[in-house]
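Just below is one structure, and these are the notes that go with it.
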Amino acid sequence: MNTILRKSILGIAGLTVAGGLAAGPLNHDTSTPTTRNAAAVTTTQAAKLDSAALIPHGVQGTQSHIDLDDEQTANVKAIIAATKKAGMDERAAVVSIATALQESKLENLGHLGDRNDHDSQGLFQQRPSSGWGTVEQITDPEYSTMAFLKGLKQVDGWKDMPLTKAAQTVQVSAYPDHYAQWEQQAADLVAEHWNS
């Protein structure tokens, strides 16, 4: 009896979803009617799925945004390339880019003298004295991303954590909640550049 009831409820839910899709924005076009094919619906659905994969827990708190110059965009692409090379998915790229946005605003920072946080450098503000690598290594975007991702892989359940907790577990920042503010921009950048 429970199985029959469950199947009935799932069937009704499926009809409701299908009906919602049919009555949704795709059928409310005010321009000249055109034929919409399944590929258009699939593309729209894929975008929704991608967003859910990129930000599975929703953004936390107020979001920040900065405009990127060519160097920062190149660093985004380097982080994405390194993520793919490490065999990790788009969510790992979102966590990496959000972390680099917080740590360096996606600028490959060298030693900042008196403004330096200890000996932190590069996109992720990694420290040679903490074993992240040499200055030359951690100021190489591919190397520093691979080092960050290696740390992320070691975090049990990182995919099931909010972004800020996953990033903080790797970075051990004095400001653990600050990574969250970059999640939306990081997801947007991954969506824009993952396949470019």
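Values computed for the structure shown
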read-out: Meets criteria (at pLDDT 95 or above, over 17 Å from Gln168 (Cα atoms) and not charged (D, E, K, R)) for Pro128; value: no
read-out: Breaking point among (1) closer than 17 Å to Asp89 by Cα; (2) assigned to a helix (DSSP H, G or I); (3) open to solvent by less than 50 Å² (accessible area, probe 1.4 Å), for Val170; value: (1)
read-out: Residues that are open to solvent by 50 Å² or more (accessible area, probe 1.4 Å) and of a type in the set (Phe, Trp, Tyr), drawn from region 175-196; value: Tyr175
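The values are calculated or read from the model by the stated rules, or taken from the named source; none is laboratory data. For clarity, every value in this text was computed on a predicted model and none was experimentally measured. What goes into the accessible areas is simple: the full protein's heavy atoms, side chains included, and nothing from ligands, DNA or RNA. Shrake-Rupley method; radii C 1.70, N 1.55, O 1.52, S 1.80 Å.
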